[in-house]
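J.: I'd like to ask you about the structure that follows.
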Amino acid sequence: MSETPRTFQGWVRYDDKFEMKTLRLNPIRPKDVVIRNLAAQACYTIVTNVSELPNQAVRPRSPGHGAMGVVEEVGPLVTRVKPGDKVVTPVLPACGTCYSCLRGEWWCCGHKNDIDFAHPDNPPFAEMEDGRAVWQDHTGGFAELAVNDESWVVPVNESRLSNIELASLACVPGPGWAFGLLGMRIEIASSVVVLGAGPLGLAIIQAARMAGARLIIAVERIPHRLEAAKAAGAHVVLDSDEVGMDNLVGKVRELCRPATDNMYAGGKPYEGFYDGNGADHVFEAAGITFGDPTTGSPDDRTGAHFITLGPKMTRRGGTFVATGVVAPTNDPKVWGPAPGPFDYHGKRYLSAAYGGANVLRDIPRLANLIENGYLDAKALCDPILPFERADEALWSALNRDALLPIITFE
């Protein structure tokens, strides 16, 4: 690293503030990669940086994940990338050599501990002008520079995608596409239910359309997202406020009734113990509600209700996928008993970071699907705001007044 301290601009959550500050980069470690960010998502999971003000921060942090940029510097032991490489820094690492990666469990890569909130002993990546240390919260993105272990860095030099499209692969849409196409693959001519039509749910809908689903049902309560679900490929959109949460399971199961009850011709009965109603694939993509969004809040702010209802919508032998971040609750109105008996119902359940994909292998493959028109990243990225307005991007994500806010550095 250059002996001259490198300064740059970055958003920092410190004390009771969220502000852009001048930062000075700390010396890097042998396996570190310094990236100059070009675009980053204002992911919903980091909106607490604005929603929880003016509460005191535990220690100064520069937030973000879901970014892309260009490598500026690498430590002496880095082999995956070199200065000048175009890279995506996804929400999940893939080292390929740890206990989990060697077993094909990419979503459990041990390098998750590299990030600040996962391991308290990780060092700060920069300091403010007053000398106070600043930690990088996750992989960064809300600062001009980010520092990550090379296991978190995915080279995409060959991609023809724009910076904004590449940033969409780092989080939210990327995991949505991965869930539907890789982690819990949607079968052709199947019925699919997506609970929540934010950018994550819309990506799952796009994946279902690409996979050839015969029926795609989107459940949402915000009007502009209901329209976006139609545009993404949903055949039926259900307003959860209009239908009512108590009636939602029955409505979905009725829509997903078998085409025939002739069991000798690919049918299934829909009465009695077998009870063959329900969707082939159900994806929960709603999650917790932070703050006080201008588009209103659902009755259940924890996001747990869809975790309870989802398995009930799933047919025997079908798949249920939990993708969102939910708050713990024991409220019996939203958190019901276990949906068994699994030994008879044979339902499959999945919850995995980045949709169960191997980011090093699959981000370039997903990029190729966007390049060839199978997936539409641009339709999900809105609004596009300059880096200086990153706080506005977080407020937009919190309010759910658009889809996926992206900040750009160019």
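The values are calculated or read from the model by the stated rules, or taken from the named source; none is laboratory data. Just so we're clear, the structure is a prediction, and the values are computed from it rather than from any experiment. Every residue, glycine as well, gets a Cβ built from its backbone with ideal geometry; the counts of neighbours run over all protein chains shown. For accessibility, only protein heavy atoms count, side chains too; no ligands or nucleic acids. Shrake-Rupley method; radii C 1.70, N 1.55, O 1.52, S 1.80 Å.
J.: Are any of the residues in the range 366-375 open to solvent by 50 Å² or more (accessible area, probe 1.4 Å) and either touching a strand residue (DSSP E or B) at 6+ places or on another chain (Cβ under 8 Å) or farther than 25 Å from Arg209 by Cβ (or both)?
T.: No; the residues of the range 366-375 include none that is open to solvent by 50 Å² or more (accessible area, probe 1.4 Å) and either touching a strand residue (DSSP E or B) at 6+ places or on another chain (Cβ under 8 Å) or farther than 25 Å from Arg209 by Cβ (or both).
J.: A further question follows. Looking at Ile188, is it open to solvent by 20 Å² or more (accessible area, probe 1.4 Å) and assigned to a helix (DSSP H, G or I)?
T.: Details: open to solvent by 20 Å² or more (accessible area, probe 1.4 Å): yes; assigned to a helix (DSSP H, G or I): no.
In short, no.
J.: Any idea how many residues of the range 112-148 are within 18 Å of Ile46 (Cβ to Cβ), assigned to a loop (DSSP other than H, G, I, E, B) and acidic (Asp, Glu)?
T.: 2
J.: Among Asn55, Asn26, which is the only one that is at pLDDT below 95 and surrounded by fewer than 24 Cβ atoms within 10 Å (Cβ to Cβ)?
T.: Asn55
J.: Next question, about the same structure. Tally time: how many residues in the range 62-85 are part of a strand (DSSP E or B) and within 23 Å of Ser168 (Cα to Cα)?
T.: 7
J.: Regarding Gln56, is this residue in a strand (DSSP E or B) and farther than 18 Å from Val153 by Cβ?
T.: no
J.: Provide a single number: the residues in the range 279-334 that are farther than 16 Å from Tyr349 by Cα and touching a His at 6+ places or on another chain (Cβ under 6 Å).
T.: Total satisfying the criteria: 1.
J.: Right, something else. Might you let me know whether the range 323-338 holds any residue that is crowded, with 19+ Cβ neighbours inside 10 Å, under 30 Å from Glu150 (Cα atoms) and in contact with an Asp or Glu (Cβ under 7 Å, 6 or more places away or on another chain)?
T.: yes
J.: Among the candidates Arg361, Arg301, Arg365, single out the residue that is farther than 30 Å from Ser151 by Cα and out of contact with any Lys or Arg (no Cβ under 7 Å at 6 or more places or on another chain).
T.: Arg301
J.: Looking at this structure, is Leu38 farther than 25 Å from Thr289 by Cβ, outside any loop (DSSP other than H, G, I, E, B), in contact (Cβ under 8 Å) with a residue 12 or more places away in the chain and open to solvent by 10 Å² or more (accessible area, probe 1.4 Å)? Quick ask: steps written out before the conclusion?
T.: Working: farther than 25 Å from Thr289 by Cβ: yes; outside any loop (DSSP other than H, G, I, E, B): yes; in contact (Cβ under 8 Å) with a residue 12 or more places away in the chain: yes; open to solvent by 10 Å² or more (accessible area, probe 1.4 Å): yes.
It is true that Leu38 is farther than 25 Å from Thr289 by Cβ, outside any loop (DSSP other than H, G, I, E, B), in contact (Cβ under 8 Å) with a residue 12 or more places away in the chain and open to solvent by 10 Å² or more (accessible area, probe 1.4 Å).
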